[in-house]
Amino acid sequence: MKVITGDRFEAFADESTILFPEYRKNRDELLNFVATLSGDETIVTASLELVDLIAWRFRRGEENVLVYSDTGKSLTLKEVYELRKYLDFDVRGGFEGERAETSVLFVEGKTDAKFFKAIFKKLFEFKESREAPYSLRFIERVFERDNFDLLRREEDGHYLAIIPSEGNSGVIRNLGNFLRAMDVFGFTVEKIGVAIDVDEDREAAMASITGRLSGFRHEKTPLGYRVGGTEVVPLIIGLPFEDEVIEWKKPTVEDLMLHMIAREGLLERIKPALRALNESLGRRLKPKEVMYLALSAYGHWGNLEGFYELFIMRSRFRNLKAVLREAGLMNGLIYLAGREEERRR
């Protein structure tokens, strides 16, 4: 199966190519059309819904590809399926917008996204943006649905997108697919941050990143790896937290929040309640359970995502920087923020 998108499709079409007239077609008609396909066809389309249906059906097999006619390069339909499902990437191309320095940070989930969003806003003077640069146009409508956070710093026009990715494996998957998409669709971002939990150990976490990069020509840099014009910066989350009433098992962003609420004095305030609940349950509390109690004590009536962002924004600079340095994250965050001069101080 071959699907053609882009403006220069004529160069890839012949007399056997199906120019699909998607105008005024409803979903049932699209489903019926896809059901008739044998897998040997070449189809030109500007319908994202049709692309989704074809990618789902023909996502297996290296011979099933989408060709972006503007560059002549291709993705497998499995890659297309994942780009559409997890990033809502517009595989029709044709992006427009200003050229600006841009960083992307892939994180595990939405609470992680709000935690890092608050860090970049508080420490590096980023603000939320509704306008996307050229290199992020493909996910602009995802932003409109609040599926990721887009930030911009006024003084230098630096953009930063923070994208949740459904766990460690999702972060690694999105990293690989994003690098492939940059090559095929002819755009670039200067830096990609990869924030994953240590899980078993730091070496295994790094191996998952280098394993995905093995499919690309890359070289080692002081903070990570360079793929073409993009630097990939690993941010490995792992800062154990020891407490007699809290059960710590494996590193997550909750550990960073535990250190923050401890430094800000909130943990001590809720300790009597933690001990009482600990005794009532007959077990130590999980970090996320502690976070919900902290949320209530803080007087925040939203969800954990909102609490993380609010708490970080109201925290003392020295406490936040101390936790990030102890976690080994500060240098990578400074670099992603485009503030390399701060790292040299």
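The values are calculated or read from the model by the stated rules, or taken from the named source; none is laboratory data. Worth saying up front: this structure is predicted, and the values here are computed from it rather than measured. Virtual Cβ from ideal backbone geometry, glycine too; neighbours counted across all protein chains shown. These area figures cover heavy atoms from the full protein model, side chains too; ligands, DNA and RNA do not enter into them. Shrake-Rupley method; radii C 1.70, N 1.55, O 1.52, S 1.80 Å.
A few remarks follow.
- Matching residues in segment 297-325 - criterion: being modelled with pLDDT of 95 or more and closer than 18 Å to ASP197 by Cβ: VAL323, LEU324
- Tallying residues that are within 30 Å of the chain's Cα centre (by Cα), within 24 Å of ALA322 (Cβ to Cβ) and open to solvent by 40 Å² or more (accessible area, probe 1.4 Å) within segment 282-306 yields 4.
- Identity of the residue in segment 217-230, surrounded by 15 or more Cβ atoms within 10 Å (Cβ to Cβ), touching a residue at least 40 places away in the same chain (Cβ under 8 Å) and out of contact with any His (no Cβ under 7 Å at 6 or more places or on another chain), that ends up nearest to TYR81 (Cα to Cα): THR230
- When segment 11-22 is filtered for residues that are open to solvent by 30 Å² or more (accessible area, probe 1.4 Å) and in contact (Cβ under 8 Å) with a residue 24 or more places away in the chain, the ones remaining, listed by number, are ALA11, PHE12, ALA13, ASP14, SER16, ILE18, LEU19, GLU22.
- When residues of segment 222-235 are limited to those that are touching a Gly at 6+ places or on another chain (Cβ under 7 Å) and in a strand (DSSP E or B), the one farthest from THR188 (Cα to Cα): LEU235
- Candidates ARG60, ARG99, filtered to the one that is closer than 25 Å to GLY215 by Cβ and open to solvent by 80 Å² or more (accessible area, probe 1.4 Å): ARG60
- Any hit, segment 121-136, residues being hydroxyl-bearing (Ser, Thr, Tyr) and modelled with pLDDT of 95 or more: no
- Which listed residue, of GLU309, GLU279, is open to solvent by 60 Å² or more (accessible area, probe 1.4 Å) and either hydrophobic (A, V, I, L, M, F, W, C) or not in a loop (DSSP other than H, G, I, E, B) (or both): GLU279
- Residue ID - nearest to GLU79 (Cα to Cα), chosen from residues in segment 23-46 that are without any contact (Cβ under 8 Å) to a residue 40 or more places away in the chain and touching a helix residue (DSSP H, G or I) at 6+ places or on another chain (Cβ under 6 Å): VAL34
- Strands (runs of 3 or more DSSP E) contained in segment 1-115 and holding at least 2 residues modelled with pLDDT of 90 or more and farther than 30 Å from ALA337 by Cβ: 2-5, 42-44, 65-68, 73-76
- Residue tally, condition touching a residue at least 12 places away in the same chain (Cβ under 8 Å) and not aliphatic (A, V, I, L, M), over segment 250-283: 13
- Per-region count, segment 172-213, residues within 17 Å of LEU333 (Cα to Cα), touching an Asp or Glu at 6+ places or on another chain (Cβ under 9 Å) and crowded, with 19+ Cβ neighbours inside 10 Å: 6
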